[in-house]
Every structure is written in C-alpha cells, then in structure tokens.
Amino acid sequence: MKWSDLAERQIAKARSEGQLDDLPGAGQPLKPEFGNGTVGAGFRIMAKEGVVPREIELKKAVETQRKKLAETVFGPDRKIEMRRLADLELRLAIEQEARRKYYSTE
C-alpha cells in the first residue's frame with residue numbers, strides 16, 4: 001500500500017468522525033510560507049508545534065550568511081565568509097535532496 005493511499009484513508013476516517021470540523025483556518029487557503037502540497041503541510045504542522053526541520057534552519061542560516069557576506073569587505077575575511085556560505089548551501093542541498101528522495105519512494 002502506498003503512503004499516499006494510507007494518508008487518504010486516515011483523512012477520510014477523520015473527516016467522517018468529525019475530527020476535522022471547526023479547525024482553525026478551515027475553508028481558507030493555506031499560507032505559502034512553507035510551499036504547497038504534502039511537504040508544505042508537514043512543515044506547517046511542525047512549525048505550529050515548535051519543531052523546526054533541519055532544512056528550514058539551514059535556509060535561515062544561508063540567508064543570514066548571505067547578509068553577513070554582503071557586509072564583509074574584500075580580503076581574507078570575505079573568503080572565510082564565502083567558504084561558510086558554500087558549506088551551508090551544500091548542507092541545504094543535501095537536506096533537500098534527501099527529502100525529495102524520501103518522498104519519492106512511496
């Protein structure tokens with residue numbers, strides 16, 4: 001059985017039992033802050049519970065490092081900041097690829 005089929009059955013069961021009635025934001029479009037689809041929904045649920053996925057942490061770290069790099073003048077310090085940014089971007093790409101592979105093996 002595929003994971004998507006199992007998820008659909010669980011959703012149908014919860015809907016028939018009324019567990020999905022009167023949820024916050026019911027009938028409103030989802031916010032695009034974490035993207036769309038199943039992955040985005042999972043990220044939203046984790047964010048609501050205070051759990052931040054490693055991928056999101058790395059995205060924030062990359063943005064912070066980019067700002068830091070933009071503020072750094074030329075010289076050895078800039079090379080260090082560039083190396084840190086490259087390392088963070090590589091780690092982020094690895095996390096994203098791992099997530100894609102995980103969700104593609106249904």
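What follows draws every value from the coordinates through simple rules; no lab data is involved. These numbers come from a predicted model, not from an experiment. All Cβ positions, even for glycine, are placed from backbone atoms using ideal geometry, and neighbour counts span all protein chains on display.
Taking the C-alpha atoms only, the angle from helix 3-16 to the longest principal axis of the chain is near 50 degrees. Basic side chains Lys and Arg get +1 at the Cβ, acidic Asp and Glu get -1 at the Cβ, and with that the dipole of the chain about its Cα centre reaches some 380 debye.
Taking label positions 7 Å along the Cα-Cβ direction at both Tyr102 and Thr64, the computed distance is 2.2 nm, reported to one decimal.
Can you compute the FRET efficiency between Lys13 and Ile45 using 1/(1 + (r/R0)^6), with r the Cβ-Cβ distance and R0 = 25 Å? Round to the nearest 0.05. The partial results should precede the final answer.
Working: r = 18 Å, r/R0 = 0.72.
Once the sixth-power term is evaluated, E becomes 0.90.
Over the chain, dividing the summed -39,500 (n - 2.57) contributions of all DSSP H runs of at least 4 residues by the number of residues returns a 222 nm mean residue ellipticity of -23500 deg cm²/dmol.
In the list [x] 58, 32, 25; [y] 64, 31, 20; [z] 49, 32, 20, the label attached to Cα extents along the principal axes in Å as derived from the coordinates here is [y].
Past the 29 Å Cα-Cα mark, which pairs from Lys79/Lys101; Lys60/Lys101; Lys2/Lys48?
Working: Lys79/Lys101 33 Å; Lys60/Lys101 22 Å; Lys2/Lys48 27 Å.
From Lys79/Lys101; Lys60/Lys101; Lys2/Lys48, over 29 Å: Lys79/Lys101.
Relative to the longest principal axis of the Cα atoms of the chain, helix 54-71 runs at roughly 30 degrees.
Axis of helix 76-104 versus longest Cα principal axis of the chain: the two differ by about 20°, to the nearest ten degrees. The stretch 1-19 and the stretch 60-93 have Cα centres separated by 44 Å.
Could you give the dipole magnitude of the stretch 53-106 about its Cα centre, charging the beta-carbon of Lys and Arg +1 and that of Asp and Glu -1, in debye to the nearest 20?
The calculation lands at about 100 debye.
Of the residues Ser16, Val73, Ile56, the one whose Cα sits farthest towards the positive end of the charge dipole of the chain is Val73 (charges of +1 on Lys and Arg Cβ, -1 on Asp and Glu Cβ, taken about the Cα centre).
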